[in-house]
Amino acid sequence: MSGGKKQYFPLFIDMAGKTVVFVGGGKVAARRIQSLLSVLEKTSAVPSKEMLQVVVVAPEVEKTVERYGEEGLLLWIKREFQLQDVDGADLVIAAADEKEINSLAAELCRRKGIPVNDAGNKENCDFYFPGIAVKGDLVAAVTASGRDHARTKKAAEDVRKLFEKEGET
């Protein structure tokens, strides 16, 4: 859709066997990695490479990301982003501190047909990371279409509280 407003459709994807590449390992990447892994952990067994391959390309990462690497939950490639890093990826999250790197990764992914989320530019995203609520097999995702992160966070928290009440009566 060129020139017009983007329209997003909520969709749940089977992540088994998928490869997700994170360009950058800072705070935004850490939050999104944690979100991704926690949903898998809450809805199935402990996340593993067989279920999902998470690759982080960054010279430095947040301590949380480093710990996930030590636990074998992701592969940390300790260097600057290179063009071939997206090869074989099913999804890419461009969350580097440098906007130019995120834009380059997003452009490259589009040429290769890989869905990409540019964490620093909502207009450059093929998908959004929603606020998530999980209780057993019940999963809800909430978004304000990338326009209001605080509203999304609040709505996701409200859904989590609703999930906690489920089954109490």
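Mean residue ellipticity at 222 nm, helices only, the chain: -10500 deg cm²/dmol; runs of at least 4 DSSP H residues each add -39,500 (n - 2.57), and the sum is divided by the number of residues.
Tell me, which longest segment in the chain has none of the trypsin sites (Lys or Arg not before Pro) that fall in DSSP loops with at most 14 further Cβ atoms within 10 Å?
Working: sites that count: K5, K6, K49, K78, R79, R147.
The segment 80-146 is the longest one with no such site.
Kindly flag which residue pairs out of K135/K161; K18/K161; K27/K161; K18/K122 have an alpha-carbon separation exceeding 19 Å in this structure. Mind dumping the intermediate values first?
On the way: K135/K161 10 Å; K18/K161 31 Å; K27/K161 26 Å; K18/K122 23 Å.
In this structure, K18/K161; K27/K161; K18/K122 lie more than 19 Å apart at Cα.
Can you say what percent of the DSSP beta bridges in the chain, counting only those with both residues inside, are antiparallel? Round to 5. For the chain, the DSSP antiparallel bridge percentage is about 25.
Annotation: per residue accessible area for the chain equals 61 Å², rounded to a whole number [probe 1.4 Å, protein chains only].
The dipole here belongs to the chain: it is taken about the Cα centre, uses +1 on the Cβ of Lys and Arg and -1 on the Cβ of Asp and Glu, and is about 480 debye. When the Gaussian network model of the chain links Cα atoms closer than 10 Å, the mean-square fluctuations of V57, V20, V139 top out at V139.
Solvent-accessible area of the range 17-158 (1.4 angstrom probe, protein heavy atoms only): carbon and sulfur portion equals 50 percent. How would the chain be classified by its alpha-carbon gyration tensor: rounded, prolate or oblate, with rounded meaning a/c under 1.5 and the a/b versus b/c comparison settling the rest? Taking the square roots of the gyration eigenvalues as a ≥ b ≥ c, the chain is oblate.
The values are calculated or read from the model by the stated rules, or taken from the named source; none is laboratory data. What you see is a predicted model; the values in this text were computed from it and never measured. As a convention, Cβ positions derive from the backbone with ideal geometry for all residues, glycine included, and neighbour counts pool all protein chains shown. Each accessible area value is taken on the protein alone, full model and side chains, heavy atoms only, with ligands, DNA and RNA left out. Shrake-Rupley method; radii C 1.70, N 1.55, O 1.52, S 1.80 Å.
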